[in-house]
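The values are calculated or read from the model by the stated rules, or taken from the named source; none is laboratory data. Quantities reported herein were computed from a predicted structural model and do not represent experimental measurements. Cβ sites come from the backbone with ideal geometry, for glycine too, and all protein chains shown count toward neighbours. Keep in mind that these areas ignore ligands, DNA and RNA; they rest on the heavy atoms of the full protein, side chains included. Shrake-Rupley method; radii C 1.70, N 1.55, O 1.52, S 1.80 Å.
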Amino acid sequence: MSGSLKLQWSDALNTGNRAIDVQHKYLVDIINELAEAIESGSATQNIKKIIHLLQYYTEWHFGREELCMDRFQCPVAAANKAAHCTFIETFLAFRKEYETSGGSEDIAMRMYKTLTDWLVNHIMKVDGQIGPCMHNHPAEA
């Protein structure tokens, strides 16, 4: 595997909300740690720690993001919450499959690719709507 696996942050992923963007950048950093661990053939224990951090931080971030969308009355707030629930279910299924397999690199790679694709698409299609909602409520921003 080459370093090309890692997800690169771009301005296209900015939502217009600084706090949310910082959180998204950290999520990308964690996902990239997973990519590095897979590429380097790190011990299963290292990958398990990254997966645990990814679950904890993702759940925390989703809560913050949902509060933000509610605050600015984003029309996609309900769809965002539903997408987050689906993502967590998918993630937990991958985590269980990975742990049950005893640390299969193939499962870790499928997890990485699925999570990366989902995150980029979700940020660009759903989370990107936070900025316009903020502009509709400038007194609260």
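For a straight C-alpha distance cut-off of 18 angstrom, the aspartates and glutamates reachable from Lys49 (same-chain residues fewer than eight places away being disregarded) are Asp29, Glu33, Glu36, Glu39, Glu59, Glu97, Glu99, Glu105, Asp106.
With a simple spin-label model that places each label point 7 Å from the Cα along the Cα-to-Cβ direction, the separation between Ala79 and Ser104 comes to 3.4 nm.
Using C-alpha pairs under 8 Å with a sequence gap of at least 6, the mean separation divided by the residue count of segment 41-109 gives a relative contact order of 33 percent.
Dipole of segment 86-134 computed with +1 at Lys/Arg Cβ and -1 at Asp/Glu Cβ about the Cα centre; of Phe94, Trp118, Ile107, farthest Cα towards the positive end is Trp118. Remark: relative contact order (the chain) = 35 percent; criterion is Cα-Cα distance under 8 angstrom and separation of 6 or more residues. Under the criterion of Cα pairs below 8 Å and six or more residues apart, the relative contact order for segment 1-53 equals 38 percent. Using the 1.4 Å probe convention, the accessible area of the chain works out to 53 Å² per residue with neighbouring protein chains retained. For the pair Ala93 and Asn136, label points projected 7 Å from Cα toward Cβ lie 3.3 nm apart. Once both labels are positioned 7 Å from their Cα atoms along Cα-to-Cβ, the gap between Tyr57 and Tyr26 label points is 0.7 nm. Taken along its principal axes, the alpha carbon cloud of segment 36-141 reaches lengths of 51, 22, 20 Å, longest axis first.
Heavy-atom surface analysis with a 1.4 Å probe gives segment 1-117 a carbon and sulfur content of 52 percent of its accessible area. Counting only cysteine Cβ atoms and a cutoff under 4.7 Å, the chain contains unmatched residues Cys68, Cys85.
For a 19 Å ceiling on Cα separation, which of these pairs sit above it: Lys48/Lys81; Lys6/Lys96; Lys25/Lys113; Lys48/Lys113; Lys6/Lys113; Lys96/Lys125? Beyond 19 Å between Cα atoms: Lys48/Lys81; Lys6/Lys96; Lys96/Lys125.
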